[in-house]
Amino acid sequence: MRDWLTSCVFEMTPPGLDLPAMGRCRTIRLGKEIIVSLQRRTLLKAIASGAGIAGAQALFPAWAQTGSRGIAPTLATLAGPDIALTVGHSPFSIGDRTGHAVTVNGTLPAPLLRLREGQRARISVTNTLDEDTSIHWHGILLPFQMDGVPGISFPGIRPSETFVYDFPVRQAGTYWYHSHSGLQEAMGHFGPLIIDPAGADPVAYDREHVIVLSDWSFVHPHEILRRLKASPGYFNQQRTTVAGLLSGEDRMSAEERRMWAQMRMDPRDISDVTGSTYTYLVNGHGPDDNWTGLFEPGERVRLRIINASAMTNFNVRIPGLAMTVVQADGENVRPVETDEFQIAIAETYDVIVSPREDRAYTIVSEAVDRSGMGLATIAPRLGMNAEIPPLRQVPNLTMRDMGMDMGGMDMGGMSMEGMDHGSMDHGAMNMRDRSLAPPTMAVGVGVQTISPMPENRLAERPLGLENEPHRVLVYTDLVALNPNTDTRPPSRTLEIHLTGNMERFMWGFDGRRFSEIVEPIRFERDERVRVTLVNDTMMQHPIHLHGHFFELVNGHAGNQPLKHTVNVAPGGRLSFDLTADAPGDWAFHCHMLMHMHSGMFNVVTIRPLDGVAS
């Protein structure tokens, strides 16, 4: 058994835990907290006593046990500036099933790291796996050599080696960290990262809870990817059926069904991997565990919500409780009240809730394809529950999701009878018409469809939320709290197409997979560029640029919201203004892990470097 260190933080000594009897257990008191570090000797002693892994886990309070069932009022926490992390193997359980996870310090999610703006972070990462690993600090502004992408910014961390990340902390907000090696992120290698501001926080709140959303499967991610390549619709068990057509449950006419069949497309192809294999977790706990965050009625409670999923976008709501969005991707925004928002993979949203009643509320994170949901509770006392809403209807894709506006007609809300659907195979309405491709696109097997009329959809409600009676956040609601610092107009424009072939599960930029790309995306240092992303596919793509924030062009000139990840709607287009002020080589990719792994990845290179002429 490899050496490893597991740390947990709890507010009081748990009943039945005899600290002196734990032998070589080191305790450090920080205010009301006690940090308990269990070293290898203690764990081996527990295992040798016959208790095995279960006995070793029993040394932890219930909420700190990996995959434990019960209440989780807080996350294991480590404070900076000097932090030690160990990547290793751990068992992970949901209900009566146990699988294999890749964890940091033995927990899933990894420990919450707490830093402060203005300090210098020194984070040592030891690899006890039998393969290389890495940690990428998602959304953090740092030297590119510390960004943590093997083969791009550093070599990776080899087995039995330790790498020290050392960088100044230049920002505040809600962020996260994860592996950028293989598919380890899908196996649990991710955790939250909170940076407290050096001065006063513009957001007033009485207490906070960090909410990490994720998806988990007992099927190994490499096997999931193999099945997707063999049959892209393998996990979609919500397709339209003859029975659904006859009963009207599918909400499609026979003519609509015929059109989709002619195009060899699936109107329910919303998520590649679904609740048929995924369990949706909140802070590592399944829907039956009732993770609970406490509040006192009348408090302003800050929820720092992070989507650390591998393949799932979520719709988040708290029935009976309004949410005020105060931060997006770690950057403060003007407060905007809403009842629901969609959070794409790798995005973060901070919201303020002000519960005034002595009752529990359910935090619902519903998968966008409605195949399952993550559940948590906020309540005045432990053990309380609130009503759990049922899953809503599975949405259907429409002509807009194919990049065919049809004069603003939404095919999900109109009859298609009388239309000549044969025309879908010809001219401007043909998504497979390769003459529509821009000259920069490599139109090969990796390009299945091209959006004939992609539209800016930032002001539209996300898929499935179009007809909800309550308020739904859209990207045009986001306004930066502080004015944008670079007021220069862009000196040039760059258009990048998001392309794919669902039948072969191939993804790329401008028709090329990363393995086929020769040239990186090049920017001059401090260049101001308007980048336009065009989605030629019928899937959502959360696109992330490392090492930078960009200004989302959403109609709020001068106060455009800063983001590091933006979700591009199917058949949609959007633009952002980038100031390329961080020299180096940076990853640029779709944050759907299987899409990135299958080719939707490139490198942004910014020159000159410091002290280098070219």
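Quick notes on this one:
- Using 0.36 nm per residue and subtracting the Cα-Cα separation, the extra length available between THR493 and ASP82 on full extension is 143.8 nm.
- Those GluC sites (Glu not before Pro) in the stretch 280-375 that DSSP places in a loop and that have at most 11 other beta carbons within 10 Å: GLU357
- Förster radius 35 Å - calculated FRET efficiency between ASP288 and VAL479 (Cβ-Cβ, nearest 0.05): 0.35
- Residue order for LEU391, LEU183, fewest other beta carbons within 10 angstrom first, comes to LEU391, LEU183.
- If a spin label sat at a point 7 angstrom from the Cα of LEU609 along the line to its beta carbon, the backbone N atoms of the stretch 152-166 nearer than 16 Å would be those of 152-156.
- Theoretical gain in end-to-end length, ARG434 to ALA204 [0.36 nm per residue, Cα-Cα removed]: 77.5 nm
- Footprinting exposure proxy for HIS209, HIS180 (fewest neighbouring C-beta atoms within 10 Å first): HIS209, HIS180
- Neighbour counting of Cβ atoms within 10 Å sorts the residues SER354, SER575, fewest neighbours leading, into SER354, SER575.
- Two-site label geometry, ALA459 and GLU527: point separation in nm, points 7 Å out along Cα→Cβ: 3.2 nm
- Rounded to the nearest 0.05, the FRET efficiency derived from the C-beta distance between GLU516 and ASP486 at R0 = 25 Å is 0.15.
- FRET efficiency, GLU131 to ARG300 (Cβ-Cβ, R0 56 Å, nearest 0.05): 0.80
Any read-out appearing in this document is the output of simple, stated calculations on the displayed coordinates, not a laboratory observation. All figures in this text were calculated on a predicted structure; none of them were measured in a lab. Every residue, glycine as well, gets a Cβ built from its backbone with ideal geometry; the counts of neighbours run over all protein chains shown.
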